[in-house]
1. Give me the helices (runs of 4 or more DSSP H) completely within the stretch 138-191, filtered to those with at least 2 residues that are modelled with pLDDT of 95 or more and open to solvent by 10 Å² or more (accessible area, probe 1.4 Å), ordered by residue number.
2. Is it true that residue 288 is among the β-branched types (Val, Ile, Thr) and either modelled with pLDDT of 85 or more or open to solvent by less than 40 Å² (accessible area, probe 1.4 Å) (or both)?
3. Among all residue pairs at least 6 apart or on different chains, which show Cβ distances below 6 Å where the first residue, located in the stretch 60-84, is part of a loop (DSSP other than H, G, I, E, B) and the second is hydrophobic (A, V, I, L, M, F, W, C)?
4. Filter the stretch 217-242 for residues that are at pLDDT 95 or above, within 14 Å of the chain's Cα centre (by Cα) and not in a strand (DSSP E or B) and give the result.
5. Of the numbered conditions (1) over 25 Å from residue 211 (Cβ atoms); (2) part of a loop (DSSP other than H, G, I, E, B); (3) open to solvent by 20 Å² or more (accessible area, probe 1.4 Å); (4) in contact (Cβ under 8 Å) with a residue 24 or more places away in the chain, residue 53 satisfies every one except a single condition; which is it?
6. Return the residues of the stretch 316-328 that are open to solvent by less than 70 Å² (accessible area, probe 1.4 Å) and either over 21 Å from residue 185 (Cβ atoms) or at pLDDT 75 or above (or both); say none if nothing qualifies.
7. If a residue must be at pLDDT 80 or above and either more than 24 Å from residue 226 (Cβ to Cβ) or in a strand (DSSP E or B) (or both), how many such residues does the stretch 31-50 contain?
8. Is it the case that the stretch 198-207 has a residue that's outside any loop (DSSP other than H, G, I, E, B), touching a residue at least 60 places away in the same chain (Cβ under 8 Å) and over 23 Å from residue 309 (Cβ atoms)?
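The values are calculated or read from the model by the stated rules, or taken from the named source; none is laboratory data. In this text the structure is predicted, and so the values were computed from the model without any measurement. Note that we place each Cβ from the backbone using ideal geometry, even for glycine, and neighbour counts take in every protein chain shown. Keep in mind that these areas ignore ligands, DNA and RNA; they rest on the heavy atoms of the full protein, side chains included. Shrake-Rupley method; radii C 1.70, N 1.55, O 1.52, S 1.80 Å.
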Amino acid sequence: MSLRAETLTRSIEARERAPQAHRRPPATVIAAVSPAKAQVTDTRLTAVVVNYNAGDLLTECVRALLASALRVDVVVVDNASDDDSLATLETACDGDDRLTVIRRGDNGGFAVAVNEGLRATDAPWVAVINPDCIVRPDTLATLLANAADERTGMVGGLLLNPDGSEQRGCRRQMPTPGNTLARVLGLHRLLGRRWDFNLTGSPLPEEPVEIGAISGALMVARRDACAEVGPLDEGYFLHCEDLDWCRRFCDSGWRIRFVPDAIAVHHQGACSRRAPLKVLWYKHLGMVRYFRKFHGRGIAALVVSGVIWGRFGVAATARIAAVGLRRVTAAAQRS
């Protein structure tokens with residue numbers, strides 16, 4: 001068993017050992033969804049994986065998908081990686097007709113690559129999965145089993161950090177100017193859970209629940225819903241395009257479900273470690289785009305945008321200072 005496979009096993013066991021009393025959702029946050037009465041009859045599913053220098057994790061991700069309990073075809077869209085991730089993958093999966101690799105000549109961003117992958121398949125179900133996200137064999141089957149309701153357009157599962165803790169952002173309320181300001185300014189700690197769009201830290205539900213948004217690291221969508229809602233907004237380069245997509249699904253009348261028993265481990269940030277400041281920039285730029293798009297350019301949206309850019313300035317300064325301190329310390333140790 002590989003190191004990361006062992007990590008996944010430990011993470012799942014840690015979650016399953018969690019006291020049941022801590023897994024009940026507060027009624028004011030999310031409501032339980034009745035189990036689907038019907039079953040998904042056509043389980044053809046294609047997973048779209050966008051790669052950008054994910055290293056060996058890309059191969060582990062794809063191997064885990066291909067080892068799923070149901071048949072999964074995989075489309076890897078590579079955003080002009082310059083590492084050996086694609087070569088390693090193709091060596092490991094040589095001859096497997098379930099794998100398709102699309103090589104882009106440039107890095108057009110996450111949404112552009114996902115949309116290209118979606119166009120490459122006509123499967124009734126599509127999954128968007130990050131290359132550093134490792135599913136277990138029953139993850140995708142569990143998600144599909146909870147998507148039989150004809151108005152359920154998207155489902156997502158429980159993302160764990162490698163240490164077994166729940167990863168921030170895998171279940172969220174829809175961001176609003178109010179709860180975003182509360183979150184960014186830290187006021188949610190005083191105002192209570194209802195003022196925090198991020199539900200991580202609240203008790204896990206025991207059953208699937210309808211929710212505002214799931215993480216773009218692991219989302220399974222109904223093809224019919226995608227056709228109605230439209231592709232990801234390519235105006236985002238990186239970050240917040242998943243929130244945008246979830247918002248448009250909800251606005252179009254499609255339900256989004258969070259399934260706590262569909263588990264994966266997400267080694268977050270594997271594709272962004274080379275340029276952390278650039279990623280930080282795109283994250284905040286995406287947040288501003290989201291609020292301007294859905295909340296206009298009124299006073300509330302302007303205030304939120306100002307606070308977001310202020311947060312970026314603080315975070316960027318802290319990161320630059322930390323890098324400088326590490327370099328000074330390393331130089332002192334060498335002298």
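1. 139-145
2. So residue 288 fits the description; yes.
3. Here the result reads 68/140; 69/141; 70/141; 79/113, each pair linking the stretch 60-84 to a residue that is hydrophobic (A, V, I, L, M, F, W, C).
4. 217, 232, 241, 242
5. (3)
6. 318, 321, 322, 323, 324
7. 6
8. Yes, there is a match, as at least one residue in the stretch 198-207 is outside any loop (DSSP other than H, G, I, E, B), touching a residue at least 60 places away in the same chain (Cβ under 8 Å) and over 23 Å from residue 309 (Cβ atoms).
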